[in-house]
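The structure appears below as structure tokens.
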Amino acid sequence: MDLKTQFNQAAEDVKKLSSRPDNQTLLELYALFKQATDGDVSGSRPGMLDVKGRAKFDAWAKKKGLSCEAAMKDYIALVTKLIK
């Protein structure tokens with residue numbers, strides 16, 4: 001199975017987890033997914049009142065420079081760990 005197929009499968013599998021991951025793990029999943037699909041973060045950082053948006057932006061910004069393939073591999077590894 002190629003990397004893109006594994007990534008898409010992991011994206012589907014994460015929706016079927018038996019329990020909801022903690023917020024840090026959710027932010028990590030979000031950041032890796034966005035880096036893999038959209039590349040480096042763009043746009044301006046959300047304002048102070050948008051706490052959730054700001055956290056997501058910051059998590060994604062930490063992945064800046066990570067290649068699409070590396071982000072996919074990290075995402076797949078994290079989902080696999082959560083399933084076990």
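Listing for the model above:
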{"read-out": "Helical mean residue ellipticity (222 nm; -39500 (n - 2.57) per DSSP H run of 4+; nearest 500) of the chain", "value": "-20500 deg cm²/dmol"}
{"read-out": "Rg [Å, one decimal], Dmax [Å, integer] - the chain, C-alpha atoms", "value": "13.1, 43"}
{"read-out": "Taking the chain and dividing mean pair separation by its residue count, relative contact order in percent (alpha carbons under 8 Å, at least six apart)", "value": "44 percent"}
{"read-out": "Estimated Rh, region 7-52: Kirkwood, alpha-carbon pairs, angstrom", "value": "12.4 Å"}
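Rule-based calculations on the coordinates, nothing more; no lab input. No experiment lies behind these values; they were computed from the predicted model shown.
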